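The values are calculated or read from the model by the stated rules, or taken from the named source; none is laboratory data. All figures in this text were calculated on a predicted structure; none of them were measured in a lab. Glycine gets a Cβ as well: all are built from the backbone with ideal geometry, and neighbour counts include every protein chain shown.
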Amino acid sequence: MKIAVIGAGLMGRAAVYDLARIDGVGSVGVFDIDEALAREIADKFGDGKATAARLDAADETAAARALTGYDAAVSCVTYRYNPGLTRAAIASGCHLADLGGNNDTVRTQLEMFPQAEQAGIVVIPDCGLAPGMVAVMVADGVARFDKVASVKIRVGGLPQSPRSPLNYQMVFSAEGLINEYWEPCVILENGQKKKVNPMTAVESLEFDGIGELEAFYTSGGTSTLPDTYEGEIDFLDYKTIRYPGHCRLFKTMLEIGLASRQKIEVGGQMVEPRALFKAVLDKNLTFHDLDMVLVRVTIEGTTDGRQKSIVYEIVDRQDTRTGLTAMMRTTAFPASIVAWMAADGQITKRGCVPQEIAVNPPLFLPQLKKRGINLVIKET
């Protein structure tokens, strides 16, 4: 089978690495607006199976032409290109999985269900980490209960050795980080969807061997789960994990306007605070230190009249052998797994479909272990 990767950034190169090592994948196409970078990533991570070409992800006609002949594709570019890439996938008859990260964008894609279904393909948004593989864990857990009372999703990408004052380093795009911290969050409360403010409801939690941490509401992590499980699950929320004190410090910077897109005059020039803030974050929080990803999904409810809980937990640390960070592995690998499953016929749904509906957990979850991502499931 042939699978394409659109975008040769950090997540794209991890997707190329993974797909090139899956049995049955004969060819991996690497596409980026920077053709030299695409060739570099194809040569370095493609295990002799990858080819490279230039593609502007904003050019839908070119994208449709590029994807023709591919069985599936993974979009590893920023979320704003995904509606156009969805149309390109439909035009070319190519399955598509993307990393998502924006609820409005995902809704736009899901509205294309009839066209994708007619084209005989499946388009699955939000297939990264969170939003992403946590949705498959939720689907797996919900199926084990007669009635689910609560689902609590806690996820964080952190430096193994934090540096003050923010105790954080950039492990994905600054635009994505600000979006998570700035946009409204959707949860389920009393079985109904509810919007809550980001960077609120700070709680303490611990992971063995890591110590005390904090978690707080951020946008996008629940993705389509509130729509899928409205009226079925009483309570569902998502919080991002950070080292203690991070929320208070970062929230202050947002509250004084550093996430605003409204330009202000500085020294006779009009400057967008958000653009400046992104540049400062990238410059001063890019340390290339070893990272780790923490995941904890806790589901509580009843089965046969008995109260029980299931906890899904991952502690993934950077792979120094391959150079792939924990964030790259836990974000890109799930998307590449979904694309491969679609190309391999293991996903039979057609249309634009949420991951928790399209993906079969017993087929997906063992694939994480094959990639050294150790998922521990505890049931009490």
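Laid out as a table, the results:
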quantity: Identity of the residue in segment 115-161, acidic (Asp, Glu) and assigned to a helix (DSSP H, G or I), that ends up surrounded by the most Cβ atoms within 10 Å (Cβ to Cβ); calculated: Asp140
quantity: Residue count for segment 30-40, restricted to those that are assigned to a helix (DSSP H, G or I) and under 11 Å from Ile6 (Cβ atoms); calculated: 1
quantity: Among the candidates Glu272, Glu265, Glu255, Glu300, residue that is assigned by TED's automatic domain parsing to the domain that holds Arg154 and crowded, with 18+ Cβ neighbours inside 10 Å; calculated: Glu300
quantity: Single residue of segment 208-220 satisfying the filter (touching a strand residue (DSSP E or B) at 6+ places or on another chain (Cβ under 6 Å) and in a strand (DSSP E or B)) that is farthest from Lys194 (Cα to Cα); calculated: Glu212
quantity: Condition met for Lys308 (surrounded by fewer than 24 Cβ atoms within 10 Å (Cβ to Cβ), in contact with a strand residue (DSSP E or B) (Cβ under 7 Å, 6 or more places away or on another chain) and free of Cβ contacts under 8 Å to residues at least 40 places away in the same chain); calculated: no
quantity: Criterion (of a type in the set (Val, Ile, Thr) and within 19 Å of Ile124 (Cβ to Cβ)) met by exactly one of Ile41, Ile22; calculated: Ile22
quantity: Verdict on Lys378 being basic (Lys, Arg), farther than 20 Å from Ala73 by Cα and outside the structural domain of Arg144 (by TED's automatic domain parsing); calculated: yes
quantity: Residue among Ala89, Ala135 that alone is aliphatic (A, V, I, L, M), modelled with pLDDT of 95 or more and farther than 25 Å from Ile187 by Cβ; calculated: Ala89
quantity: Residues located in segment 41-60, provided they are in contact with a strand residue (DSSP E or B) (Cβ under 8 Å, 6 or more places away or on another chain) and either outside the structural domain of Arg87 (by TED's automatic domain parsing) or not in a loop (DSSP other than H, G, I, E, B) (or both); calculated: Ile41, Ala42, Asp43, Ala50, Thr51, Ala52, Ala53, Arg54
quantity: Flag if Asp104 is over 21 Å from Met328 (Cβ atoms), of a type outside the set (Lys, Arg) and either touching a helix residue (DSSP H, G or I) at 6+ places or on another chain (Cβ under 7 Å) or touching a residue at least 60 places away in the same chain (Cβ under 8 Å) (or both); calculated: no
quantity: Wholly within segment 265-380, helices (runs of 4 or more DSSP H) carrying at least 2 residues that are of a type in the set (Lys, Arg) and in contact with a helix residue (DSSP H, G or I) (Cβ under 7 Å, 6 or more places away or on another chain); calculated: 273-284
